[in-house]
Amino acid sequence: MSRVLACIIVMFTLPLVPAARAVNKTYIGAAGQGTWSVGSLWSPSGAPGSGDNAFLTPSDANNRTVIFSTVGPFNFVYGDVTIHSTGAGSILLHHTGGLIFNPPFAAQSFNLNNGGNYRQNPGSTSIIDFTVISEKRGGQKIAAQATVKLRVGEQVMHTAAEGDGPVNALDRALRKALVPHYPELNEVRLVDYKVRIVDEHLGTAARPRVILESARGTERWSTMGCSENIIEASWLALWDSLELPLLRSAAPAPIPAPTPPG
């Protein structure tokens with residue numbers, strides 16, 4: 001009986017661990033472009049965590065852009081976020097993210113004042129489903145066709161296309177859905193398509209890695225997709241190849257460095 005009583009007394013006299021308190025974080029990055037997640041750009045040091053209050057409130061004449069990427073902890077909910085320039089300059093919180101998944105910037109309150117701006121891009125397009133069919137009848141050439149259903153904003157786009165193979169059919173159907181909303185994709189072309197095997201010891205069950213090289217004018221970039229299904233791997237690489245130029249076009253232009261006095 002005395003032992004049980006002692007246990008009860010110990011349990012009730014243990015100190016309670018205080019809940020973490022919100023920290024006020026002030027952005028101190030220099031003029032030009034900085035990244036939200038870089039701890040050295042905040043005072044006190046360290047990027048804002050969930051529940052923290054963030055102040056983007058410069059007081060000089062310089063222009064600043066803070067890049068907030070959705071690549072990170074999606075469950076963060078910040079406290080009060082204030083974007084306000086008290087000087088002659090401006091400050092922009094630029095929320096970048098993918099077309100497929102771009103969660104909102106979550107905060108308990110969001111305050112925009114003089115010289116403060118917030119921009120999110122593009123983030124409004126999501127895949128609903130797609131179908132690819134390759135068919136051969138008799139001595140005829142193999143035919144490939146694809147259907148794609150996308151949600152672009154509030155509009156659902158349902159398109160179909162034939163192609164010289166399943167990837168070409170997917171590319172054509174996807175462009176039919178996206179180009180009316182993003183006409184700049186007309187300038188993007190596929191210049192190379194490569195397939196590699198990730199785990200070759202599995203034979204035909206190995207996961208293929210698809211690498212696409214795309215171009216727009218003199219600009220080139222590569223995207224990759226990996227899956228047990230080569231069509232899905234191609235789809236992932238193809239989607240990223242069209243998403244990347246949209247994100248680049250929407251990104252703010254870098255602020256030129258001031259010219260030193262002659």
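Summary of values
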| read-out | value |
| --- | --- |
| Residue among Asn62, Asn75 that alone is at pLDDT below 80 and in a loop (DSSP other than H, G, I, E, B) | Asn75 |
| Hits in region 30-61 - residues which are touching a Pro at 6+ places or on another chain (Cβ under 9 Å) and at positive phi | Gly32 |
| Filter result for Val179 (surrounded by fewer than 13 Cβ atoms within 10 Å (Cβ to Cβ) and within 14 Å of Thr125 (Cβ to Cβ)) | no |
| Selected residue (criterion: farthest from Met157 (Cα to Cα)) from residues of region 173-188 that are part of a helix (DSSP H, G or I) and touching a Ser or Thr at 6+ places or on another chain (Cβ under 7 Å) | Glu184 |
| Selected residue (criterion: nearest to the chain's Cα centre (by Cα)) from residues of region 185-224 that are surrounded by 12 or more Cβ atoms within 10 Å (Cβ to Cβ) and among the small types (Gly, Ala, Ser) | Ser222 |
| Residue check for Thr223: polar (S, T, N, Q) and modelled with pLDDT under 85 | no |
| Residue list for region 202-250, restricted to those being of a type in the set (S, T, N, Q) and within 19 Å of Asp171 (Cα to Cα) | Ser214, Ser222, Thr223, Ser227, Asn229, Ser234, Ser241 |
| Counted residues, region 225-241 - those being under 21 Å from the mean Cα position of the chain (by Cα) and of a type in the set (Val, Ile, Thr) | 0 |
| So Leu99, is it modelled with pLDDT of 80 or more, closer than 21 Å to Pro245 by Cβ and not basic (Lys, Arg) | no |
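Let's see how each residue does on (1) in contact (Cβ under 8 Å) with a residue 60 or more places away in the chain; (2) of a type in the set (Ser, Thr, Tyr); (3) in a helix (DSSP H, G or I); (4) assigned by TED's automatic domain parsing to the domain that holds Ile230:
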| residue | (1), (2), (3), (4) |
| --- | --- |
| Ile128 | no, no, no, no |
| Lys141 | no, no, no, no |
| Thr147 | no, yes, no, no |
| Thr159 | no, yes, no, no |
| Val167 | yes, no, yes, no |
| Leu190 | no, no, no, yes |
| Arg209 | no, no, no, yes |
| Ser214 | no, yes, no, yes |
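The values are calculated or read from the model by the stated rules, or taken from the named source; none is laboratory data. Since the structure is predicted, the reported quantities are computational estimates derived from the model, not experimental observations. Every residue, glycine among them, receives a Cβ derived from its backbone with ideal geometry; neighbour counts consider all protein chains shown.
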